[in-house]
Amino acid sequence: MALDFEIHRTLHPTPEDERAEILRDPAFGQVFTDHMVRITWTQDSGWTEAQVVPYGDFSISPAASVLHYGQAIFEGLKAYRLPDGSIATFRPEQNARRFQNSARRMDMPELPEEDFLEALRVLVDVDQDWVPAAGGEAALYLRPVMFATEPTLGVHASKSYSMFVIASPSGAYFTGGVKPVSVWICQDYVRAAPGGTGAAKFAGNYAASLKAQTQAAEKGCDQVVWLDAIDRTYIEEMGGMNLMFVYGSAAESNVKVVTPALSGSLLPGVTRDSLLQVAEDLGFETAEERITVEQWRDDVAQGKMTEALACGTAAVLTPVGRVLSEDGEFEVNGNEAGTITMQLREALTAIQHGEADDPHGWRYVLVPAKN
Ligand code: COI
């Protein structure tokens, strides 16, 4: 049976002028709305105690197994205010299913899709004033999380879990507009191996990436690019984003958008999947293939590969302009945002923000327009 959410509104909502000030120019993931969703799972009762409560700290046992053995997964999606005043999110059933896949991989209980969707709906309904105005880039970033709460030092799947959703009005993930980012090809560490947890949105994948991210920053780069664990040759992803490569040009009508094939160790991004479809809708050829670093460098040098980009919910779509590694560095498209990248970005964001038709039924209304 579907969960019925109890709503407990805060007695101290953020004053309107303070909220308006935050919404004028939100950073990424710095400020949180007035409420959050909480749901509990226990072995005896399954999913229970679904509620919207005031945003705030919660207490957990120091023995909670998440703190010791790291059983935690999350999702990321955005709610957009559309020009007609309604609030919609984008392909949330994909996030619901990926949350279930991640849960299965980590031996955690699966939250039914309808409860995942309802959790988003009730939270955004209560906090609808926190969704940034239509017409801009900003949106309300939604972060569903599940973690193990059983107080035990035994190494086994927890017998209880807490699921919550928080919301954060968020602008661009990368500051400075649509400016190409620089990437560091990581050869010292691996993010995920076949049979590991790379295809799950598992918190530990992100923890394991931080050292390399720091190394990338020390090399003057914005992000790290991960290679496959076996050959250390094939490009996988950027940790928080997938990668795409553009071959050919619009002038020659031979554009091909290529992304690393899902190897089992890279995350199947919703933005990645959507962009492959948008590229086809724009008349471009698409392919999911294995690509080596050498091929990236050589294809750029030979003028075959014209653009590269990173994509994800938080980052949306960002050009990759400089590629650095122990072997040297090269630029893609003269370190400028490419025309195909911008065309893909505009086509996708226009659907997300309700400024274009939605031929694939990707928008999902959370709060209808008021008449
Ligand atoms: C997202 O794009 O939503 C992500 O999950 C990346 C993130 C870790 C910032």
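The values are calculated or read from the model by the stated rules, or taken from the named source; none is laboratory data. Since the model is a prediction, treat every value here as computed from it, not as a measurement. As a convention, Cβ positions derive from the backbone with ideal geometry for all residues, glycine included, and neighbour counts pool all protein chains shown. SASA here: full protein model, heavy atoms, side chains in, ligands and nucleic acids out. Shrake-Rupley method; radii C 1.70, N 1.55, O 1.52, S 1.80 Å.
One table, with the values for the structure above:
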{"read-out": "Neighbours by Cβ (under 7 Å, 6+ apart or cross-chain): first from the stretch 1-29, more than 14 Å from residue 126 (Cβ to Cβ) and at pLDDT 95 or above; second β-branched (Val, Ile, Thr) and outside any loop (DSSP other than H, G, I, E, B)", "value": "3/39"}
{"read-out": "Residue that is in contact with a Pro (Cβ under 7 Å, 6 or more places away or on another chain), of a type outside the set (Val, Ile, Thr) and either at positive phi or buried (at least 21 other Cβ atoms within 10 Å of the Cβ) (or both), where the choices are 269, 264, 239", "value": "264"}
{"read-out": "Among residues of the stretch 295-308, those that are assigned to a strand (DSSP E or B) and either touching a Phe, Trp or Tyr at 6+ places or on another chain (Cβ under 7 Å) or within 14 Å of the ligand (Cβ to nearest atom) (or both), counted", "value": "3"}
{"read-out": "Options 140, 123: the member that is touching a residue at least 60 places away in the same chain (Cβ under 8 Å), buried (at least 19 other Cβ atoms within 10 Å of the Cβ) and either over 11 Å from residue 87 (Cα atoms) or away from the ligand (no atom under 16 Å from the Cβ) (or both)", "value": "123"}
{"read-out": "Subset of the stretch 56-77 [open to solvent by less than 10 Å² (accessible area, probe 1.4 Å) and within 16 Å of the ligand (Cβ to nearest atom)]", "value": "73, 75, 76, 77"}
{"read-out": "Leading residue by the ranking (farthest from residue 73 (Cα to Cα)) among those in the stretch 205-220 that are of a type in the set (D, E, K, R) and in a helix (DSSP H, G or I)", "value": "218"}
{"read-out": "Considering residues of the stretch 243-262 that are more than 17 Å from residue 212 (Cβ to Cβ), of a type outside the set (Lys, Arg) and assigned to a strand (DSSP E or B) only, the residue farthest from the ligand (Cβ to nearest atom)", "value": "247"}
{"read-out": "Boolean, residue 277 is free of Cβ contacts under 8 Å to residues at least 12 places away in the same chain, surrounded by fewer than 19 Cβ atoms within 10 Å (Cβ to Cβ) and either of a type in the set (A, V, I, L, M, F, W, C) or farther than 20 Å from residue 180 by Cα (or both)", "value": "no"}
{"read-out": "Index of the failed condition, residue 330 passing every other in (1) hydrophobic (A, V, I, L, M, F, W, C); (2) in contact (Cβ under 8 Å) with a residue 60 or more places away in the chain; (3) more than 16 Å from the ligand (Cβ to nearest atom)", "value": "(2)"}
{"read-out": "Only one of 203, 212, 217 that is within 23 Å of residue 69 (Cβ to Cβ), among the aliphatic types (A, V, I, L, M) and away from the ligand (no atom under 13 Å from the Cβ)", "value": "212"}
{"read-out": "Members of the stretch 263-282 found to be away from the ligand (no atom under 16 Å from the Cβ) and either modelled with pLDDT of 95 or more or not in a loop (DSSP other than H, G, I, E, B) (or both), listed by number", "value": "276, 277, 278, 279, 280, 281, 282"}
{"read-out": "Candidate set: the stretch 143-198, residues that are among the charged types (D, E, K, R) and under 12 Å from residue 66 (Cα atoms); chosen: the one nearest to the ligand (Cβ to nearest atom)", "value": "150"}
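Residue-by-condition table, conditions (1) exposed (fewer than 15 other Cβ atoms within 10 Å of the Cβ); (2) out of contact with any Asp or Glu (no Cβ under 7 Å at 6 or more places or on another chain); (3) under 30 Å from residue 75 (Cβ atoms):
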residue: 294; (1), (2), (3): yes, yes, no
residue: 306; (1), (2), (3): no, yes, no
residue: 313; (1), (2), (3): no, yes, yes
residue: 320; (1), (2), (3): no, yes, yes
